[in-house]
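Structure first, then comments.
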Amino acid sequence: MSAFAVVDSSVAFKWFAPAAEEGLEPARALLGEHRAETITLAAPTLLRLEVLNGFWKRSATSADLTMIAATLDDFGLAWFDLTAELSSRAAHVAAEHRLTVYDSVFVALALQLDCELITDDRATADQLDPLRAAGLALTTVALSRVQ
């Protein structure tokens, strides 16, 4: 198993969410573990856009979005570019497990790194039961970790 854990946008979104957001504490605790270097959180660069888009949909201002983008970089995640190989793997996961290609990028990265995927998206996690049975570490945050 890798030293990394892939975090998806549903978790990263909670790092900036209002206090009433469900799953906030486990998501922030996970970020705390990363900052304490107990765990190394990894993500595809797509995460930046998905988090920003989520806040844009909630009418965030330009200043808010700029701050969120800068803070995401300050967190020091291990960022992975969307290479042709990762995109191809994501397309395969999407087709095989009826996920969006966007969600599948996170799964594909976890498979590529041979590490845990941490999500708060129950629908995605439920679609991954066959991969879980094959050894994917999947955790859902409420916050669960997919193994």
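The numbers here are math on the coordinates, done by the rules we state, and not lab data. Since we're looking at a predicted model, the values are computed, not measured. Quick reminder, even Gly has a Cβ in these numbers, built from the backbone with ideal geometry, and neighbours come from all protein chains shown.
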The answer for the net charge of residues other than Leu46 whose Cβ lies under 11 angstrom from its Cβ, with Lys and Arg +1 and Asp and Glu -1, is -3
Under the Karplus relation with 6.51, -1.76 and 1.60 and θ = phi - 60°, whole-Hz ³J(HN,Hα) for region 4-12, x at Gly and Pro, equal 8, 9, 7, 10, 9, 5, 5, 7, 4
So, with points 7 Å from each Cα along the Cβ direction, the Glu25-Ala123 label distance in nm works out to 2.8
Return the percentage of antiparallel bridges among DSSP beta bridges fully within region 12-146, rounded to the nearest 5 %. 65
If packing is taken as the average number of other Cβ atoms within 10 Å across a peptide's residues, how do 54-64, 5-15, 110-120 rank, most packed first? 5-15, 110-120, 54-64
